[in-house]
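The structure under discussion appears below in the form of structure tokens.
Derivation of every value follows stated rules applied to the coordinates shown; laboratory data play no part. It should be emphasised that the depicted structure is a prediction, and the values quoted were computed from it without experimental measurement. FYI the Cβ positions are ideal-geometry reconstructions off the backbone, even for glycines, and counts take in every protein chain you see.
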Amino acid sequence: MTDPGFHFAQPLWFLGLLAILPVAVWLMRSAARAARGPIHRYADPHLLPYLTGTRDLRTTERWGRFLRWSLLWTLLLTAMAGPRWSYSDLRLFHPGNNLLVLLDVSRSMLAEDASPSRLGRARQELQDLILRNRQVRLGLIVFATVPHVLSPITEDTNSILNTLPALSADLASPGLQGSSLTRALARAENLLAGLPEDSARAILLISDGDFDEPRLLDQVSRLAERGIRVHTLGIGSTDGATVPAPQGGVVVDPADPDRKPVRSILNEPLLEGLAKAGGGLYLRADYRDSDTNAILAAATVSRLPPEASDARTRIWNERYWLPVLLVAGLLLPQFRGLSRRSVRRRPTDQGTGGTRP
């Protein structure tokens, strides 16, 4: 289905045409002031170029340049406004693969054994996952003691991408320490329960594995029995790091009489055990694309073809490049003229140190 209707995507750019009139007024006033300038007291107009080394533009030259600038300005604004005509009406399809991300935002994720921090590294991993994804619908739950659904399963991954800069440990109540993966998994199970059983349903846990909860493996095994696979992505290092405190300094162990700082390490055995019980993958986050590609490949295992939707989208044929080509064509002779003038002046400049007007 096509439609030849012509319109502009961003017509407000044409408000820039209002700048042409003030420029014309300024040009007239500056030319008048130059004609009445004090320098005219010292020489006749036809001798001024020899005195100043420059010459005033004739009226036709000045207004010719103004008209040329106005034309270029109008063409640039036309390109920015986005001329378009004709479009294709496409039907949307829902992919049969669903991945719900559980992002740990507890205070241990502020440890700096990953650059810039564990949470910062987790945000980067999530950003890579969104940007490289083409076949998976994504959702996002952040959790510490209490889980918060930031996005249900959706195809609009840009909405998740826009929330990444705001993801911090401040989302969790400062009065509640630690993290509860049990509650986050229960919340994720409720979100995934309404999806078709034949679709690929998976959970990706991004965490340092700093959990102290019984029966986690049993809970993950039950999810796997229901067809929900659990993948884990470890953030941090096995050497560990101290954990920043909300009021400054580092978190200390209240049970230790010496009040030694708490050192959080990446709990790889627990994360590997969760992935094994959930029939998924365990990977440690790094700066390569292999971990992101492996997770997306593991999530793309649906037995269902993409599901047709009643929603349709309109893809317009953008024509902004036409005024851009006109601008380039109008500017090209000017650059060629500058090149020729520089070639003609070079021998004279070397011989005499300058040119007479």
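Residue 231: net charge of surrounding residues, Cβ under 13 Å, Lys/Arg +1, Asp/Glu -1, itself excluded? Walk me through the numbers before you get to the answer.
Details: positive: 201, 229, 276, 284; negative: 125, 272, 291.
Value of the local net charge: +1.
Using R₀ = 41 Å, calculate the FRET efficiency as 1/(1 + (r/R₀)^6) where r is the Cβ-Cβ separation of residue 237 and residue 320; round to 0.05.
Working: r = 48 Å, r/R0 = 1.18.
The formula returns an efficiency of 0.25 here.
With a Förster radius of 51 Å, plug the Cβ-Cβ distance of residue 331 and residue 225 into 1/(1 + (r/R0)^6) and report the FRET value to the nearest 0.05. It would help to have the intermediate numbers written out before the result.
Values: r = 68 Å, r/R0 = 1.33.
Result of the calculation: an efficiency of 0.15.
Counting other beta carbons within 10 Å of each Cβ, put 102, 322, 72 in order, fewest first.
322, 72, 102
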What is the packing order of peptides 144-152, 115-123, taking the mean over residues of other C-beta atoms within 10 Å and listing the highest first? 115-123, 144-152
For segment 194-210 and segment 250-294, what is the separation of their Cα centres, given in Å? 18 Å
Could I have the simple spin-label model distance between residue 162 and residue 288, label points 7 Å from Cα toward Cβ, reported in nm to one decimal? 3.6 nm
Listing 258, 291 by rising number of other beta-carbon atoms within 10 angstrom, fewest first, gives 258, 291
Quick one: which residues, 5 or more positions from residue 151 or on another chain, have an amide H under 5 Å from its amide H? H modelled 1.01 Å from N in the peptide plane, none for Pro or chain starts. 140
Quick one: 3J(HN,Hα) in Hz for segment 139-156, Karplus 6.51/-1.76/1.60 with θ = phi - 60°, rounded, Gly and Pro as x. x, 9, 10, 9, 8, 10, 6, 10, x, 10, 7, 8, 7, x, 4, 8, 8, 7
How do 28, 109, 80 rank when sorted from fewest to most other Cβ atoms within 10 Å of their own Cβ? 28, 80, 109
